[in-house]
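Structure first, commentary second.
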Amino acid sequence: MLINKEYADKAPDHYNFWEQHIKFVVKEALILADEYGADKEIVELGALLHDVALISEVGTRSEHHVNGKIISERLLKEYGYPDDKKERVLGCVLHHRSSKHAENLEELCVADADIIAHYDNIPMCFVSALKFNKLNTGSVAEWIRYFEHDYNDLSERTKLTFKPRYDVIMDILFGALL
């Protein structure tokens, strides 16, 4: 299994998962955990592990949540993490791709934080849109839809609190084009 530095050194774009994504997810997840009264230990571990399959280059990007659960289960077992808590962390990893699949507050916090983290690192968001979603650089409408899709995938509760930040970000990025 690759660690973050090895992944960044090897990747053509030197993408650093910790600096460019994970630390933002952890920060936002813990903010949401405080706001929603979720178990911070479960949320923090779920946020730290949510993209472990991508960093480890195990499986496809579209299945990284499933492979991440498998890898996380092995890691948590190896380190003797309590079974009752382990299942809740694994749920965060498995369901991090959309809050619509969240089965509890901890999963919702990680899923929503994963999306909000995209807005914390706009350059990474643009790289992702170009690299993985193959957006047309000349189509402003496509870019607006890309950012709106992420926002619309947030839980209704988080959308309400995130909306002021979202509006400012969209205004800065697209201003009069909206």
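Here are the numbers:
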read-out: Residue identified as basic (Lys, Arg) and closer than 16 Å to Ala102 by Cα among Lys23, Lys69, Lys77; value: Lys69
read-out: Options Glu106, Glu78; residue that is under 27 Å from Asp167 (Cα atoms), out of contact with any Ser or Thr (no Cβ under 8 Å at 6 or more places or on another chain) and at pLDDT 90 or above; value: Glu106
read-out: Test result for His118, surrounded by 12 or more Cβ atoms within 10 Å (Cβ to Cβ) and either touching a residue at least 60 places away in the same chain (Cβ under 8 Å) or part of a helix (DSSP H, G or I) (or both); value: yes
read-out: All positions within segment 80-110 that are under 23 Å from Glu156 (Cα atoms) and of a type in the set (Lys, Arg); value: Arg88, Arg97, Lys100
read-out: Index of the failed condition, Glu44 passing every other in (1) crowded, with 19+ Cβ neighbours inside 10 Å; (2) among the acidic types (Asp, Glu); (3) within 20 Å of His149 (Cα to Cα); value: (3)
read-out: Residue in segment 151-158 that is in a helix (DSSP H, G or I), of a type outside the set (Gly, Ala, Ser) and open to solvent by less than 10 Å² (accessible area, probe 1.4 Å) present; value: yes
read-out: Failed criterion for Lys85 (all others in (1) without any contact (Cβ under 8 Å) to a residue 60 or more places away in the chain; (2) open to solvent by less than 10 Å² (accessible area, probe 1.4 Å) hold); value: (2)
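The values are calculated or read from the model by the stated rules, or taken from the named source; none is laboratory data. Note that the coordinates shown come from a computational prediction; the quantities given were computed from them, not determined experimentally. So basically every Cβ, Gly included, is an ideal-geometry build from the backbone, and we count neighbours across all protein chains shown. Side chains included, ligands, DNA and RNA excluded: accessible areas come from the protein's heavy atoms. Shrake-Rupley method; radii C 1.70, N 1.55, O 1.52, S 1.80 Å.
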